[in-house]
Amino acid sequence: MRLSLLMPGALRRVIYVFVSGLCFFGAAGTVQAENIQHTGSDTRTLRVAYMEFPPVTYQNAFGEPEGEMVETTRKVAKEAGYELEFLYLPVSRAYLYLKKGSVDFALGLTEVPALKGAVIDSEINLVSVVLSVWYREDQAPVTDINDFRDQVVILINGFTYGGLRSWLERQDDIRITNAPNHRSAIDMLNRGRGDYLLDYRDPVREELMSFSAARIQETEIRTRTGAWLFSAAIPEAQTLQAEFDAAYHRLAERGELPPADTSEKSILLQGFPTP
């Protein structure tokens, strides 16, 4: 018997941590085939990678893909005449699959140095994602990138932070400690196992709802863009990009999706290193 979708938040988070742990320790990615109906007989199924990044993209308690970018992608794929097969992957494996052409595209953030030349980004920005520094009330706020010096910075395994991770790791006076997921990172910060946490606003705020005693502050340091990242290893990458962008525009014109956003996002923190 199928459980109600109104599963308590705590239980959903427990299941999410368990599933995320399996992925990070080498379990094979989960595949979900989307049953999208089309009239054409030559409908192609596209393989789509997505990662744990709630509420933008995540796997729910029933092993199904959910999130704002997931729902938009379903609508656009149907409009463009494609079926979807979702693969739930850890970040590093999603990047590897994109480079090899093992997936057609991924739902992810743009301007990832590790993917330079390996993907073709959609022109449409699906979501705006804020990268923030999180810290306890007794810690000084960050106003400049050099405020990380002589501090312990918590990072999430697999996240490149648009090139910021590699910059931080090259600094002799900045100590890095890694967490397997957002929840563990917040717990480490709460326990004083790091001075600052570098993580994205949406998943941290979602997790903070279950940390009733947490007294954590936030400083925005960069706004990034979520988009479709088409694998340059597949011959039709540019065609897919054009078809998906065009399908989005058609849906927006009919009022079924918000107007397309193609604006560039800005870097907020002073001294932020460029890749």
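The values are calculated or read from the model by the stated rules, or taken from the named source; none is laboratory data. This one's a predicted model, so the numbers in the text were calculated from it and none came from an experiment. With ideal geometry, Cβ positions are generated from the backbone for all residues, glycine too; neighbour counts draw on all protein chains shown.
Check 215, 175 and return the single one that is outside the structural domain of residue 115 (by TED's automatic domain parsing), over 22 Å from the mean Cα position of the chain (by Cα), of a type in the set (Lys, Arg) and at pLDDT below 90.
Unique residue meeting the criteria: 215.
Out of (1) outside the structural domain of residue 201 (by TED's automatic domain parsing); (2) of a type in the set (Lys, Arg); (3) crowded, with 20+ Cβ neighbours inside 10 Å, what's the single condition that is false for residue 165?
Here residue 165 clears every test but (1).
Go through 106, 185 for me and flag whichever is in the same structural domain as residue 44 (by TED's automatic domain parsing), under 18 Å from the mean Cα position of the chain (by Cα) and either within 30 Å of residue 263 (Cα to Cα) or crowded, with 21+ Cβ neighbours inside 10 Å (or both).
106
Just checking, which of 79, 52 is touching a strand residue (DSSP E or B) at 6+ places or on another chain (Cβ under 9 Å) and either among the charged types (D, E, K, R) or under 21 Å from residue 183 (Cα atoms) (or both)?
52
Filter the stretch 241-271 down to the residues that are in a loop (DSSP other than H, G, I, E, B), of a type outside the set (Asp, Glu) and over 23 Å from the mean Cα position of the chain (by Cα) and list them by number.
254, 255, 271
Looking for something surrounded by fewer than 19 Cβ atoms within 10 Å (Cβ to Cβ), outside the structural domain of residue 76 (by TED's automatic domain parsing) and hydrophobic (A, V, I, L, M, F, W, C) - is there at least one such residue anywhere in the stretch 193-204?
Looking for residues that are surrounded by fewer than 19 Cβ atoms within 10 Å (Cβ to Cβ), outside the structural domain of residue 76 (by TED's automatic domain parsing) and hydrophobic (A, V, I, L, M, F, W, C), one finds none in the stretch 193-204, hence no.
With the condition being modelled with pLDDT under 95, I'd like the strands (runs of 3 or more DSSP E) fully within the stretch 40-124 carrying at least 1 qualifying residues.
Passing ranges, in order: 44-50, 105-109.
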